[in-house]
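A short worksheet on the structure shown next.
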Amino acid sequence: MRSSLRPSALPGVVKNQFPPQKARDVIIPEPEDGSTPEAAYLTAVRRLHRDECLVLPPGDYPAPKLTKTMSIRAARPGTVRFHGPTKGATLLLQTDHSVLLSGIQIISGNTESPTIQQSNGCLILSEVRVVGGLESSGTNTRLFLENSRVERAEVGVLLTEGAKGEIVGTAVTNCQVGVSAQNANALHLLSCRVEGAFRDEEGNPGAGLHADNTPVYCAGTVFMENQIGAHFVSCKEVKMLFCEFDRQILGGVTMQNGGPLHLHECAFSAQATKTFAHVTIDSVTASVDFCLFDNSADGEIQSLQGNLTRRDETPKPADTHSDVLSSVLAEIHQMIGMNASKKILETLLHQAYASVQRKKQGLPVPPLKFHCVFESEEGSGCRQVAALLAKSLGTLGILKDGGKVMDAEMALLMDDPETMAALVESARGGMLFLSAPAHSERKNSRISYAKIRAVLQSLLDACAEDTVVIFSGPRDSIRPIVRSVAETEELFRAALTFSLPSPPELAEMFDTMAADLHIRLTTKAKIKILLSLHMLDDRRDRRFLTTSGVAKLLDATQKRYFERCSRERSFDLPLEAGDIDVPVEKLAEVELQAHPVFLTICPKCKAENPWVPGQPHDIRCADCETLWESGWGAWKGSAYFRRLNTDEEMIVPVGLPAHRGRAAISG
């Protein structure tokens with residue numbers, strides 16, 4: 001797959017500056033007493049060659065002097081800390097060299113200077129936590145942040161005087177200004193999270209992103225709870241694609257002078273005050289394409305002395321063919337996942353509707369049977385689909401009692417023929433949901449399967465046209481009974497295959513179930529539940545990979561949620577990330593420290609598009625502008641996402657225990 005957006009330059013930079021074929025690890029052993037091997041570390045830094053990577057055991061170390069090209073990483077990410085002097089920056093890069101730091105925490109020794117200062121060279125920080133700010137200045141400087149966290153600074157990341165910066169998958173939190181670029185060469189912000197930017201100064205509010213006279217490219221980034229989401233002044237070109245602005249205080253996007261400004265598929269919601277519009281532009285040429293706004297602000301877009309062009313989704317024409325058919329098809333369309341099955345169900349309902357209308361007009365109608373085979377995994381939701389099909393056929397007039405669904409086991413019909421007559425009469429006018437016998441190895445299995453087919457044929461004949469039979473079971477139980485396509489078509493109208501829901505579908509189920517209880521998920525809660533379900537899928541924890549498992553997960557979450565509502569004496573609170581109770585909570589919290597990258601794949605051009613929690617179901621590709629129903633996004637770090645991009649059936653995720661069994665995943 002390829003990205004439909006501007007690709008990250010970081011992989012190429014790392015490959016050029018630190019060629020993998022030349023890399024050698026210099027590992028400092030971890031002392032048995034748990035102490036920090038500071039002397040060995042200082043010696044290794046002095047001797048470190050540009051083609052070597054220094055691997056450090058856990059401990060607190062004095063920050064190295066960045067006077068040559070070097071690569072340092074923590075043996076276990078998050079366990080190595082660099083501390084600085086009481087005056088000046090902790091890390092200072094003033095030479096034209098390349099430095100790569102990975103898995104390290106960098107702590108400021110004072111509050112007067114930024115934690116990291118760069119005036120030359122190339123600085124790459126991967127999976128790094130920075131307490132304090134980063135400042136990069138000068139035309140010869142390049143700064144790269146990947147999957148990192150920057151917190152508690154006046155300005156989280158500052159680019160000035162021609163510097164060039166790229167920030168990927170990084171969280172910038174609790175700063176007066178999250179990311180700032182002033183007269184910089186370029187700023188790229190990809191799949192990040194910027195939150196909590198607040199400045200307690202009247203007339204000088206904090207901003208998640210502030211840029212002055214700097215080209216800005218921002219994609220897949222979430223801005224949460226900032227005074228202003230993004231503020232631009234005299235910037236030549238600003239592109240913001242697939243971004244979310246959730247709970248800003250004063251506004252989402254503000255821009256004065258310059259331009260053009262291009263907003264594509266951005267979502268604006270839950271603004272704290274109605275004083276300003278979601279987007280305010282002054283003397284700017286702007287295009288706003290397919291963005292989503294709610295009514296929490298004083299208008300969607302306010303344009304002063306500028307040129308604004310706007311494209312919104314064209315409303316779909318109303319289906320005037322039949323109100324009854326339209327309502328039935330709409331209910332089918334609202335089902336989560338099972339896209340291939342939806343098309344078959346819609347075909348069945350169109351045929352049913354046509355037969356009813358022809359009968360009303362006195363036209364001949366051939367006998368139509370609506371019996372189906374459901375090849376399904378346990379917990380795939382096929383029983384709910386059967387109930388919806390029965391209801392739909394009842395609404396269209398095929399079944400007299402469309403709300404009735406009787407459950408039965410095929411094994412009972414094999415032992416007692418009289419049971420069949422009683423069962424058919426009890427299901428008359430509705431639907432009989434028949435479970436196939438469990439697959440087992442028998443010496444004379446041909447005779448057994450032939451007998452099952454004979455009983456099944458007798459049952460279908462007894463049901464006639466006023467009762468629909470759904471024959472359901474796992475593949476190993478279904479396939480030997482209904483052996484060929486011709487035989488399937490003779491006995492049944494259609495065959496549908498159901499698989500276990502994918503993590504994006506499970507997350508959407510969770511959100512839908514919560515909405516039915518009038519509980520709204522915050523952006524952080526959506527990110528956490530989607531990430532957690534991907535992790536559970538990686539671990540093959542099938543307790544939560546079914547529709548019933550999602551219901552149990554929501555029930556456990558409600559207990560925490562209701563307790564918090566009671567403590568805060570408010571009973572219509574949104575559901576927060578801390579309310580979600582999942583078995584992988586500790587692992588998820590580590591990933592949430594940065595910003596997990598979620599993507600969707602365009603069905604036409606196969607390009608990857610960013611997904612953010614506020615994005616609508618119907619999105620438009622940034623590359624070919626194809627509109628499709630994307631649903632929730634896939635976590636780029638998951639085995640599920642890798643399966644979407646490979647022909648291999650199974651991938652064992654790195655760092656997680658191997659699975660015990662295989663679960664079929666729907667695409």
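The values are calculated or read from the model by the stated rules, or taken from the named source; none is laboratory data. Note that the structure is predicted; figures quoted are calculated from it, not measured. All Cβ positions, glycine included, derive from the backbone under ideal geometry; neighbour counts span all protein chains shown. SASA here: full protein model, heavy atoms, side chains in, ligands and nucleic acids out. Shrake-Rupley method; radii C 1.70, N 1.55, O 1.52, S 1.80 Å.
Post the alpha-carbon centroid distance, the stretch 1-74 to the stretch 461-537, in whole angstrom.
With the stretch 1-74 and the stretch 461-537 each reduced to a Cα centre, they are spaced 48 Å.
Quick one: check the C-alpha center-to-center distance for the stretch 164-219 versus the stretch 574-629, whole angstrom.
The distance from the Cα centre of the stretch 164-219 to that of the stretch 574-629 comes to 21 Å.
Roughly what would the spin-label model give for ASP294 and ARG47, points 7 Å off Cα along C-beta, in nm?
Here the modelled spin labels are 6.0 nm apart.
I'm a student and want to see the number: the projected area of the Cα convex hull of the stretch 521-637, averaged over all directions, in nm². Each step should come with its number before you reach the end.
Values: hull surface 32.8 nm².
Taking the Cα atoms of the stretch 521-637, their convex hull projects to 8.2 nm² on average.
Given a Förster distance of 51 Å, report the FRET efficiency between ASP25 and GLU585 from their Cβ-Cβ distance, rounded to the nearest 0.05. Can you show the working numbers first?
Working: r = 33 Å, r/R0 = 0.64.
Result of the calculation: an efficiency of 0.95.
Mind pulling the angle between the C-alpha long axis of helix 38-47 and the longest principal axis of the chain? Nearest 10 degrees, somewhere in 0 to 90.
Once rounded, the angle reads 80 degrees.
Within the stretch 271-285, what residues put their amide N at less than 19 Å from the label point 7 Å along the Cα-to-Cβ vector of GLU576?
The answer is 271-272.
Could you please put ILE301, ILE452 in sequence from largest to smallest accessible area, using a 1.4 Å probe? Could you put the intermediate results ahead of the total?
Values: ILE301 40, ILE452 10 Å².
I get ILE301, ILE452, largest accessible area first.
Quick one: angle between helix 323-333 and the longest Cα principal axis of the chain, in degrees between 0 and 90, rounded to 10, please.
50 degrees
What is the set of long-range amide H partners of PHE498 at a cut-off below 5 Å, with H atoms built 1.01 Å from backbone N?
Result for PHE498 returns GLU375, SER376, GLU377.
Which value, in Å² rounded to 10, gives the accessible area of PHE144 with a 1.4 Å probe and all protein chains present?
10 Å²
Would you mind calculating the gained length between LYS15 and TRP628 on full extension (0.36 nm times residue separation, minus the Cα-Cα distance), in nm to one decimal? Could you put the intermediate results ahead of the total?
Numbers: separation 613, 0.36 × 613 = 220.68 nm, distance 3.58 nm.
Result for the pair: 217.1 nm of gain on full extension.
In this model, which of LYS342/LYS606; LYS164/LYS606; LYS239/LYS604; LYS22/LYS87; LYS236/LYS636; LYS274/LYS524 are farther than 26 Å apart at the alpha-carbon?
On the way: LYS342/LYS606 22 Å; LYS164/LYS606 30 Å; LYS239/LYS604 24 Å; LYS22/LYS87 37 Å; LYS236/LYS636 32 Å; LYS274/LYS524 23 Å.
Check vs 26 Å cut-off fails for LYS164/LYS606; LYS22/LYS87; LYS236/LYS636.
Could you tell me how many cubic angstrom of Cα convex hull volume the stretch 105-155 has per residue?
Working: hull volume 3.6 nm³, N = 51.
Output value, Cα hull per residue: 71 Å³.
Taking every Cα atom in the stretch 40-186, find the radius of gyration and the maximum pairwise distance Dmax, and write them in Å.
14.0, 42
Run the numbers for ALA39 and GLU378: contour at 0.36 nm per residue of separation, minus the present Cα-Cα distance, in nm.
Values: separation 339, 0.36 × 339 = 122.04 nm, distance 5.92 nm.
In short, 116.1 nm is gained.
Per q in 0.10 1/Å, what log10 I(q)/I(0) does a Debye calculation on the alpha-carbon atoms of the chain return?
For the chain at q = 0.10 Å⁻¹, log10 I(q)/I(0) is -1.00.
With a 1.4 Å probe and every protein chain left in place, work out the accessible area per residue of the chain in Å², rounded to a whole number. Provide the component values of the computation, followed by the final result.
Values: 30440 Å² over 667 residues.
Ligands and nucleic acids excluded, the figure is 46 Å² per residue.
Mind ranking 378-389, 159-170 by how tightly packed they are, going by the mean number of other C-beta atoms within 10 angstrom, highest first? Write down the numbers at each step before the final one.
Values: 378-389: 20.2, 159-170: 23.2.
By packing density, highest mean first, the sequence is 159-170, 378-389.
Between helix 417-427 and the chain, what is the angle of the helix's C-alpha long axis to the longest principal axis, kept within 0 to 90° and rounded to the nearest 10?
That works out to roughly 70 degrees.
If you count only protein heavy atoms and use a 1.4 Å probe, how large is the accessible surface of HIS210, to the nearest 10 Å²?
40 Å²
Calculate the radius of gyration of the Cα atoms of the stretch 195-277 to one decimal place, then report Dmax, the largest Cα-Cα distance, as a whole number, both in Å.
Spelled out, the Cα radius of gyration and Dmax of the stretch 195-277 are 11.9, 32 Å.
Taking all protein chains as present, what is the carbon and sulfur share of the accessible area of the stretch 5-65, in % to the nearest whole number, probe 1.4 Å?
On the way: 1980 of 3760 Å².
Using a 1.4 Å probe with all protein chains present, the stretch 5-65 comes out at 53 percent carbon and sulfur.
Report, in deg cm²/dmol and to the nearest 500, the calculated mean residue ellipticity at 222 nm for the chain, where each DSSP H run with n ≥ 4 adds -39500 (n - 2.57) and the sum is divided by the residue count. If you can, show how the numbers build up before the last one.
Working: 15 runs with 179 residues, N = 667.
Only helices count here, giving -8500 deg cm²/dmol.
May I ask you to rank HIS333, HIS262 by accessible area, largest first, using a 1.4 Å probe over the protein chains only?
Values: HIS333 90, HIS262 45 Å².
Correct descending sequence by accessible area is HIS333, HIS262.
With r as the distance between the Cβ atoms of ASN110 and GLN305 and R0 = 56 Å, compute the FRET efficiency 1/(1 + (r/R0)^6) and round to 0.05. All intermediate terms of the calculation are to be shown ahead of the outcome.
On the way: r = 45 Å, r/R0 = 0.80.
Once rounded, the FRET efficiency stands at 0.80.
What is the Cα centroid distance between the stretch 345-370 and the stretch 238-288, reported in whole angstrom?
When both Cα centres are located, 51 Å separates them.
For the stretch 3-70, what does the equivalent ellipsoid look like in terms of its semi-axes, each the square root of 5 times an eigenvalue of the Cα gyration tensor, given largest first in whole Å?
On the way: eigenvalues 172, 41, 28 Å².
Semi-axes (√(5λ), whole Å): 29, 14, 12.
What's the Kirkwood radius of the stretch 55-141 in Å, using all Cα pairs? Could the numbers behind the result be given before it?
Numbers: mean 1/r = 0.0782 Å⁻¹.
For the stretch 55-141, the Kirkwood estimate is 12.8 Å.
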